[in-house]
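Following: one structure in structure tokens, then a few remarks.
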Amino acid sequence: MTMNQLYVGNFPYDATEDELKEVMSRVGPTSSVRIVYDKETRHSKGYGFVEYRDPELCKAALDNLQGVHVRGRPLRLDWKSDEQRRTLGLGDNQDSRTASRRPGPSPSRVGGVDTAGGRGGGWDVQGT
């Protein structure tokens with residue numbers, strides 16, 4: 001099992017994989033981006049998965065892209081599986097978004113873009 005995958009939720013239902021890739025690439029190159037679609041309606045379910053080449057990029061995405069706004073909707077990021085969380089020593093009950101953070105204030109800018117998200121700032125992909 002690869003340890004380089006993240007769940008990405010709460011993005012607009014009409015968002016494209018290219019748009020999601022553009023946002024998630026702010027911390028580094030992605031290996032793959034996949035949006036989940038309803039089998040019957042073929043409409044997006046508003047979540048998907050992103051794979052990075054390096055687990056450190058996953059951690060950087062969790063630290064820096066959590067809550068970033070895509071057309072007014074704050075992204076929700078987490079490890080793809082509980083197995084990843086356990087392997088990384090985060091435990092079953094810990095929130096990986098806070099457990100993986102480095103001590104001190106978290107960075108609020110990635111690649112010159114404000115990523116404060118729902119914490120009083122924010123970046124709206126629609127405007128770029």
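Listed values, structure above:
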{"quantity": "Residue within the range 39-46 that is under 15 Å from the mean Cα position of the chain (by Cα), surrounded by fewer than 18 Cβ atoms within 10 Å (Cβ to Cβ) and closer than 17 Å to residue 75 by Cβ present", "calculated": "yes"}
{"quantity": "Of all residues in the range 55-77 being open to solvent by 40 Å² or more (accessible area, probe 1.4 Å) and closer than 10 Å to residue 27 by Cβ, the one that is farthest from the chain's Cα centre (by Cα)", "calculated": "56"}
{"quantity": "The range 3-31, residues that are without any contact (Cβ under 8 Å) to a residue 60 or more places away in the chain and open to solvent by less than 50 Å² (accessible area, probe 1.4 Å)", "calculated": "4, 15, 20, 24, 25, 28, 30"}
{"quantity": "Which numbered condition residue 11 misses (of (1) in a helix (DSSP H, G or I); (2) in contact with a strand residue (DSSP E or B) (Cβ under 9 Å, 6 or more places away or on another chain))", "calculated": "(1)"}
{"quantity": "Close pairs (9 angstrom Cβ cut-off, 6 or more residues apart or separate chains): free of Cβ contacts under 8 Å to residues at least 12 places away in the same chain in the range 49-67, assigned to a loop (DSSP other than H, G, I, E, B) anywhere", "calculated": "56/28"}
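The values are calculated or read from the model by the stated rules, or taken from the named source; none is laboratory data. On a predicted model such as this, the values are computed, not experimentally measured, just so you know. Glycine also receives a Cβ, built like all others from the backbone with ideal geometry; neighbour counts cover every protein chain displayed. Accessible surface is based on the protein model in full, side chains and every heavy atom, while ligands, DNA and RNA are left aside. Shrake-Rupley method; radii C 1.70, N 1.55, O 1.52, S 1.80 Å.
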